[in-house]
Amino acid sequence: MRSLSPNQRSQSIEESATLAISFRAQQLKAQGKDIIALGAGEPDFPTPEPIARAAIRAIEDGKYRYTPASGLPQLREAGAKWLKNAFALEFSADEVLVTAGAKPALHMALSTIVEKGDRVLIPAPYWVSYPALVRMADGEPVVVPSVPDQGFVHTADQIAAAADVSGARGIILNYPNNPSGAVPTRAQMESIVRVAAQRDMWILSDEIYAQLRYDGAEYCSPAHFESGRGRTMVVGGFTKSHTLTGWRVGFLAGPKDVIAAAARAQSQVLGNACTISQEASLVACDEPPHEEIARRLPAFDARRKFLVREINEIPGLRLGAPRGAFYAFVDARKLCAERGMTDAQLCSRLLEEQFLATVPGSAFGAPGFLRISYAAPMKDLEGAVARLRAFATVKVAP
Ligand SMILES: Cc1ncc(COP(=O)(O)O)c(C=O)c1O
């Protein structure tokens, strides 16, 4: 039927690779297979009790009605305070929009600032949704090839060259990075901001993993720099640090006029982020900065070190130590070459033969790698390493 069919734009949007793998893993699990699922980036810690209790209290107190589309005024205020206390980011309450998580924050930002046909730089590896989100805003994603030999942080020259060739109007940055765990130094960030400023490009900085850093990696936002502050929109929230994954609440911070326009878009599309989750987020904003993450970080760090140690012992695989987030981005190029397969085929065989769910690097614009989430208990990681070893060391017929 021609009258009712998906339009061209929606046909260019692929299903999220991580969700597709999770779905297949669930199918195998339903068949009774002993699946180790390390595909999804969802912390295994529960939502902290004071936050959960605040949500229950909100329902009991009848605080479940619509809020302004931009969010509860007191949460915009609290969010601005939290961004300042936890990240030294200076935004006023009217420069903060409460959204239904980081993903809608990115969508509201892009649909507000991208003009039709604008090119947007996306350094690889990138979080899977960025290209689709840019296309949905009628922009054109321009992927900057990944630089594994540089610890996945591009030089200013590489970004400048990509900007000049494409004529890009903006760039999406994501540090700590999903999937590579890369965290640039302050000097590296400053030089990238300088490139953007020289070309009058906007920056959308996805900082949803800002609190998850290791080995002394420094948090640094493009909005920290004078030349970056007015051209940067920051995406932040408690999704990953406090397991507010299913709660659907987060922040977008940026210049007041852009935030007001994003709030107007949100008012038409979403209305407001879940009121109950907003009430609970007030408690999260009020806790001493980094308290919850301090409880979690030692466990993440032990898992990270375990994976680096063990995976580097497996023939054909390499893993540089991630400096942030909770993903190991394993270099499987040697194993893939030896077996004559792509990373997607490798992931598929790991799932079908070893019952281990990972995500291929090609989903993040970096073929030859595979992403393992260590937001999972140690026993799952031990099992995963054993299965990877079994797969990598099995004799293949010449
Ligand atoms: C880099 C990055 N940005 C955004 C999101 C989405 O976060 P939320 O669940 O808050 O929408 C994720 C989730 O995996 C992510 O890894």
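Listed by Cβ neighbour count within 10 Å, with the fewest neighbours leading, PHE355, PHE300, PHE329 appear as PHE355, PHE300, PHE329.
Across MET201, MET136, MET233, mean-square fluctuation computed from a Gaussian network of the chain (C-alpha pairs under 10 Å connected) peaks at MET136.
Each of VAL359, VAL396 was scored by other Cβ atoms within 10 Å of its Cβ. Listed from fewest to most, they are VAL396, VAL359. Measuring r between the beta carbons of ALA302 and GLN345 and using R0 = 41 Å, the FRET efficiency lands at 0.80.
For the stretch 1-32, no residue has its backbone nitrogen under 20 Å from a point 7 Å from the Cα of VAL396, taken along Cα to Cβ. Extending 7 Å from Cα along the Cβ direction at ASP94 and again at ARG194 yields two label points whose distance is 3.5 nm.
Rounded to 0.05, the FRET efficiency of the ALA337 and GLU226 pair, given R0 = 45 Å and the Cβ-Cβ distance, is 0.45. Computed over neighbours whose Cβ is under 13 Å from that of SER205, the net charge equals 0, Lys and Arg +1, Asp and Glu -1. Principal-axis analysis of the Cα atoms of the chain puts helix 256-269 at an angle of about 70° to the longest axis. Extension gain for ASP138 to ASP157 (0.36 nm times residue separation, less C-alpha to C-alpha distance): 4.1 nm. Couplings for the stretch 316-329, taken from phi via the Karplus curve 6.51 cos²θ - 1.76 cosθ + 1.60 with θ = phi - 60°, read x, 10, 9, 9, x, 5, x, 9, x, 6, 9, 10, 9, 9 Hz in order; Gly and Pro are left as x.
Helix 49-60 and the longest principal axis of the C-alpha atoms of the chain enclose an angle of approximately 50°. Modelled spin labels at LEU270 and HIS290, positioned 7 Å past Cα toward Cβ, are 2.8 nm from each other. Taking the stretch 292-321 and a reference point 7 angstrom along Cα→Cβ of GLU382, the backbone N atoms nearer than 20 Å belong to 298-314.
Scaling against 2.2 N^0.38 Å puts the C-alpha radius of gyration of the stretch 257-398 at 1.40.
On full extension, the segment bounded by ILE59 and ARG9 gains 14.1 nm, given 0.36 nm per residue less the C-alpha separation. In degrees, nearest 10, range 0 to 90: what is the angle between the Cα axis of helix 17-30 and the longest Cα principal axis of the chain? For helix 17-30, the angle is close to 60 degrees. Each Cα pair of the chain feeds into the Kirkwood radius, which the Stokes-Einstein equation turns, at 4 °C and 1.567 mPa s, into a diffusion coefficient of 59 µm²/s. Distance from the C-alpha centroid of the stretch 219-266 to that of the stretch 53-92: 14 Å, rounded to the whole angstrom.
In the frame of its principal axes, the stretch 198-290 has Cα extents of 43, 41, 19 Å, reported largest first.
Could you rank the peptides 70-79, 220-229 by their average count of other C-beta atoms within 10 Å per residue, with the highest value first? Could you put the intermediate results ahead of the total?
Values: 70-79: 21.9, 220-229: 19.2.
Result, highest mean first: 70-79, 220-229.
Expressed in Å, the radius of gyration and Dmax of the Cα atoms of the stretch 49-286 are 17.3, 57.
Quick note: the coordinates plus some simple rules give every number you see, no bench work behind them. These figures come from a predicted structure and were not determined experimentally. FYI the Cβ positions are ideal-geometry reconstructions off the backbone, even for glycines, and counts take in every protein chain you see.
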